[in-house]
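The values are calculated or read from the model by the stated rules, or taken from the named source; none is laboratory data. Computed from a predicted structure; not experimentally measured. No Cβ is skipped: glycine too gets one built from the backbone with ideal geometry, and neighbour counts run over all protein chains shown.
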Amino acid sequence: MIRRFVPKVPVSVGKNLLTAPVFADPAKTRAARLANTILFLILAIVVAVGVYIFTNRTTGGYELTATGANARASRVYGINVKRMFVLSLVIGGALAGLSGAIEVAGVQHRLISGLQANFLILGLIIGLISRGNNLAVPFVAFFIAVLEVGASAMQRTMTIPIEMAMIVEALVLLFVLLSDVVSRRKAR
């Protein structure tokens, strides 16, 4: 087992003597965090543009989209459906691994058990709200991230349950899905 060496200094609390890690200069830490944030934001924008270009401007992206929409029709038109399923799993796994690496390397600086157990649900919500539009995904994801961070801050400061954010997310998703039903009924 490899352990990172963190020098400890004694900190007295009451009659007990506890140890706390020695932290670096706060100005340097803030500058490093800002640099990491900018770097990972640029990386996220590059990945979003790359996914958009792949899905909307290449043959493989068209085949992937067509297979996702209707696998049987794609097979009839000569698209290798099994290959497209594997490709979608590989791309999805690579993007999930990249986002996990950014979270661990850039934000937490260590692997935490159960880091974000609701990433799967949030990804589904983002996909449903964006309605398959690749250009809308970064904006919807930013909205959901602001909602999650705000809920976490409200839980810490005002003891509001974090489930309130989930309720708001569910209501937004419900209204988006209901707007499709209403627009279909109006079209009839």
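Can you pull out the residues in segment 56-80 that are among the small types (Gly, Ala, Ser), exposed (fewer than 11 other Cβ atoms within 10 Å of the Cβ) and over 20 Å from Arg131 (Cβ atoms)? It would help to see each step written out before you state the result.
From segment 56-80, those among the small types (Gly, Ala, Ser) are 60-61, 66, 68-69, 71, 73-74, 78; that's our starting set.
Imposing the further condition that a residue be exposed (fewer than 11 other Cβ atoms within 10 Å of the Cβ) reduces the set to 69, 78.
Residue satisfying the conditions is Gly78 alone.
Residues checked against (1) touching a His at 6+ places or on another chain (Cβ under 8 Å); (2) closer than 18 Å to Leu43 by Cβ; (3) among the hydrophobic types (A, V, I, L, M, F, W, C); (4) not in a loop (DSSP other than H, G, I, E, B):
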residue: Ala73; (1), (2), (3), (4): no, no, yes, yes
residue: Leu89; (1), (2), (3), (4): no, no, yes, yes
residue: Gly92; (1), (2), (3), (4): no, yes, no, yes
residue: Leu128; (1), (2), (3), (4): no, no, yes, yes
residue: Asn133; (1), (2), (3), (4): no, no, no, no
residue: Val149; (1), (2), (3), (4): no, no, yes, yes
residue: Met166; (1), (2), (3), (4): no, no, yes, yes
residue: Ser183; (1), (2), (3), (4): no, no, no, yes
Taking the stated definitions as given, is Leu111 loosely packed, with under 14 Cβ neighbours inside 10 Å and in contact with a helix residue (DSSP H, G or I) (Cβ under 6 Å, 6 or more places away or on another chain)?
yes
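Hey, any hits in segment 81-88 for a residue that's exposed (fewer than 12 other Cβ atoms within 10 Å of the Cβ) and either assigned by TED's automatic domain parsing to the domain that holds Ile102 or hydrophobic (A, V, I, L, M, F, W, C) (or both)? Spell out how you get there, then give the answer.
Filtering segment 81-88 for residues exposed (fewer than 12 other Cβ atoms within 10 Å of the Cβ) gives 82, 86.
Add one more test, that the residue is either assigned by TED's automatic domain parsing to the domain that holds Ile102 or hydrophobic (A, V, I, L, M, F, W, C) (or both), and what stays is 82, 86.
Checked segment 81-88: at least one residue is exposed (fewer than 12 other Cβ atoms within 10 Å of the Cβ) and either assigned by TED's automatic domain parsing to the domain that holds Ile102 or hydrophobic (A, V, I, L, M, F, W, C) (or both).
Find the residue count for segment 25-69, including only residues that are over 30 Å from Val81 (Cα atoms) and either part of a helix (DSSP H, G or I) or of a type in the set (Ser, Thr, Tyr) (or both). Lay out the reasoning, then the answer.
Residues of segment 25-69 that are over 30 Å from Val81 (Cα atoms), as a first pass: 25-43.
Add one more test, that the residue is either part of a helix (DSSP H, G or I) or of a type in the set (Ser, Thr, Tyr) (or both), and what stays is 26-43.
Going through segment 25-69 one residue at a time, the tally reaches 18.
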Considering segment 115-152 alone, what residues qualify as being of a type in the set (A, V, I, L, M, F, W, C), over 15 Å from the mean Cα position of the chain (by Cα) and at pLDDT below 85?
Ala151
Ala101, sole failed condition from (1) more than 16 Å from the chain's Cα centre (by Cα); (2) assigned by TED's automatic domain parsing to the domain that holds Ala32:
(1)
